Amino acid sequence: MKRSSERILTTHVGSLPRPDDLIPLLQLRDAGQPYDQVAFDARVARAVDEVARQQAEFGVDIINDGEHNKSVYSGYLWTRLAGFELRAERSPERSPTRDMLAFPAVYAERRLMSSVRPRKTAGGTSRPRMVCTGPISYVGQQHILADIKNLKGSLERRGAEEGFMTAISPTHPANSIPNEYYRTAEEYQAALADALREEYRAIVDAGLVLQVDDPLIANYYDHAPSATIEECRTYIGSQVEVINYALRGIAEDRIRFHTCYGVNIAPRVHDLELKYFVDLMLKINAGGYSIEAANPRHEHEWQVWQQVKLPEQKVLIPGVVSHCIELVEHPELVAQRIVRFAGVLGRDRVIASNDCGFGTASSGDQVHDDVAWAKLQSLAEGARLASKQLWGRSD
C-alpha cells in the first residue's frame, strides 16, 4: 500500500455513481432474474473503464472500479456464495435506530418522500431475501477474475498510482442474512469468513489493495438502541476476531479497512464516537483504516489521534469531504483538514478520502451524481494545496 511520501495521495471509499443504463442490468443479476450475460459483461467493462478515466481526470490517485460490478456494496454475494437460497418474500422491516426514535417525524417524512422519488431501478425488480440453507462455499471465481481483469486493464490505461478493490466483511452477511443451516452463530460466521477469504486472496494475489467493508463496527450502536456502550464494545470485539480470521495469512500492507455510519442524509446525533471503538478497530489486521472525519458529527475527531497512537507501519484514510452533505467543500477547507491529520500523524501516513460511498444505487438517499464528482474534484484540489504547505513547495 502506497504512502504519501512525496505529496498527499487521494482515494475514495469505493462506490461511485453508476450509469443509468447499467443499474437495471446489475439489479436483474442480483435479483436472480434472467439477463443477457454477454451484454452484461460488455457493459460492465465499459463502465469500469469510464469510471477509472473519470477518477484519473478528477485527480484521484488510488482508484477502483467504482463498484460498477455491483448493484450495491453487499448485494453481489449470492452470485459468489453457495449455500444460500433466494426467496421471493421481502426482508422484514428493520427495527428503528436510535436516530429514528429521536427524530420520528423527520424520518417518517423522509420515508414518504423516498417512496415517491424517482430512483435508478430496474422495472419490476426488487432485492430478494437470501437465507443460508446449506454449507457455504465460494463459487465466485469467474466473477472476481472478471472484476480484476476489468480494473487492472483500466489502471494500466490510466497510469494510476495504485488500484484497490472492495469486498464485504464476513460479519455483514452474518448479521443480515438469516441462518437455517449452521448450529451456532460462530459456525456461521466462520464459514462465511472461510468462503470470502478466497475473494480476498484473489484480489491481493492480483496485485491490488483489498478494502474490507464493515459499517456495523461503527454503526452498531445506532442500530441497537437498547445496547450500552460496553455491550457495543463487546460486540465490536467479537466482529474484529471474525474479520481477522478471514484475513489470516494475507499481508497487512495489502489491506485497508473501512467502517462508517451509512448513507444517511438525515439527522444524526447517535453515531458512536470514535473514541469508544478506535482501540478495537486498530486490532484489525490492516495496513490502513478508512473512517468518517468530514461531516459535522465527526470532523472534531481528528483530535482523537493526539491520544491514540496509530502504529508506525499503518496509515489513516480519513474522510475530508462528506457523502451526506450537498454543499461541496471548498478546497482550502479540505486542505485544512488534511494538514490537521498530517500534523498529528505525519504527512506520509495520511491518504485523503471521502467519508462513505457516493453511489449506493439501492437507495435514493445520496448526494446527486454531479455533486459527488464535484466533491472528488475538491478533494484532489485540496490535497494539492495541502501538499504545497506540507512539503514547502511554491509550485
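The values are calculated or read from the model by the stated rules, or taken from the named source; none is laboratory data. From a predicted model like this one, the values you see are computed outputs, not experimental measurements. FYI the Cβ positions are ideal-geometry reconstructions off the backbone, even for glycines, and counts take in every protein chain you see.
Considering only residues of segment 144-187 that are basic (Lys, Arg), out of contact with any Lys or Arg (no Cβ under 7 Å at 6 or more places or on another chain) and over 20 Å from GLU85 (Cα atoms), which is modelled with the lowest pLDDT? Of everything passing the filter in segment 144-187, ARG157 is modelled with the lowest pLDDT.
Candidates are the residues of segment 166-176 that are out of contact with any Asp or Glu (no Cβ under 7 Å at 6 or more places or on another chain) and of a type outside the set (Gly, Ala, Ser); the one that is surrounded by the most Cβ atoms within 10 Å (Cβ to Cβ) is PRO170. Might you check whether a residue that is part of a loop (DSSP other than H, G, I, E, B) and in contact with a Leu (Cβ under 6 Å, 6 or more places away or on another chain) occurs anywhere in segment 83-96? No; the residues of segment 83-96 include none that is part of a loop (DSSP other than H, G, I, E, B) and in contact with a Leu (Cβ under 6 Å, 6 or more places away or on another chain).
Taking segment 135-174 as the range and being hydroxyl-bearing (Ser, Thr, Tyr) and under 30 Å from GLU186 (Cα atoms) as the test, the residues that pass are SER137, TYR138, THR166, SER169, THR171.
Counting just the residues of segment 54-78 that are among the polar types (S, T, N, Q) and either at pLDDT 95 or above or in contact with a Gly (Cβ under 9 Å, 6 or more places away or on another chain) (or both), which one comes out farthest from SER4 (Cα to Cα)? By that ranking, first place goes to GLN54.
For segment 86-104, the criterion of being surrounded by 17 or more Cβ atoms within 10 Å (Cβ to Cβ) and free of Cβ contacts under 8 Å to residues at least 60 places away in the same chain is satisfied by at least one residue.
Checked against (1) under 23 Å from TYR107 (Cβ atoms); (2) free of Cβ contacts under 8 Å to residues at least 24 places away in the same chain; (3) basic (Lys, Arg), ARG268 passes all but condition (2). Could you list, in sequence order, the residues of segment 336-351 that are farther than 14 Å from GLN303 by Cα and surrounded by 23 or more Cβ atoms within 10 Å (Cβ to Cβ)? Those that are farther than 14 Å from GLN303 by Cα and surrounded by 23 or more Cβ atoms within 10 Å (Cβ to Cβ): VAL350, ILE351. The set of residues in segment 179-197 being surrounded by fewer than 18 Cβ atoms within 10 Å (Cβ to Cβ) and under 10 Å from ALA246 (Cα atoms) consists of ASP194 alone.
If you go through segment 246-280 and pick out every residue that is touching an Asp or Glu at 6+ places or on another chain (Cβ under 6 Å) and among the aromatic types (Phe, Trp, Tyr), you end up with 1.
Scanning segment 170-224 for residues that are free of Cβ contacts under 8 Å to residues at least 12 places away in the same chain and either part of a helix (DSSP H, G or I) or aromatic (Phe, Trp, Tyr) (or both) gives ALA185, GLU186, GLU187, ASP205.
Of all the listed residues (PRO225, PRO296), the sole one being in contact with a helix residue (DSSP H, G or I) (Cβ under 7 Å, 6 or more places away or on another chain) and surrounded by fewer than 16 Cβ atoms within 10 Å (Cβ to Cβ) is PRO225. Residues that are within 19 Å of the chain's Cα centre (by Cα) and at positive phi within segment 67-103 comprise just one, GLU67.
For VAL60, indicate whether it is among the aliphatic types (A, V, I, L, M) and farther than 16 Å from ASP369 by Cβ. Considered against the rule, which asks whether it is among the aliphatic types (A, V, I, L, M) and farther than 16 Å from ASP369 by Cβ, VAL60 comes out as no. What about ARG254, is it under 28 Å from TYR200 (Cβ atoms), in contact (Cβ under 8 Å) with a residue 60 or more places away in the chain and of a type in the set (Lys, Arg)? Criteria met by ARG254. For segment 59-75, the criterion of being of a type in the set (Phe, Trp, Tyr) and crowded, with 21+ Cβ neighbours inside 10 Å is met by at least one residue. On the given criteria, is ARG157 assigned to a loop (DSSP other than H, G, I, E, B) and over 27 Å from VAL263 (Cα atoms)? No; evaluated as a whole, the condition is false for this residue. Residues of segment 243-271 that are among the hydrophobic types (A, V, I, L, M, F, W, C) and under 18 Å from the mean Cα position of the chain (by Cα): ILE243, ALA246, LEU247, ILE255, PHE257, CYS260, VAL263, ILE265.
Scanning segment 323-335 for residues that are modelled with pLDDT under 95 and surrounded by 24 or more Cβ atoms within 10 Å (Cβ to Cβ) yields a single hit, HIS323.
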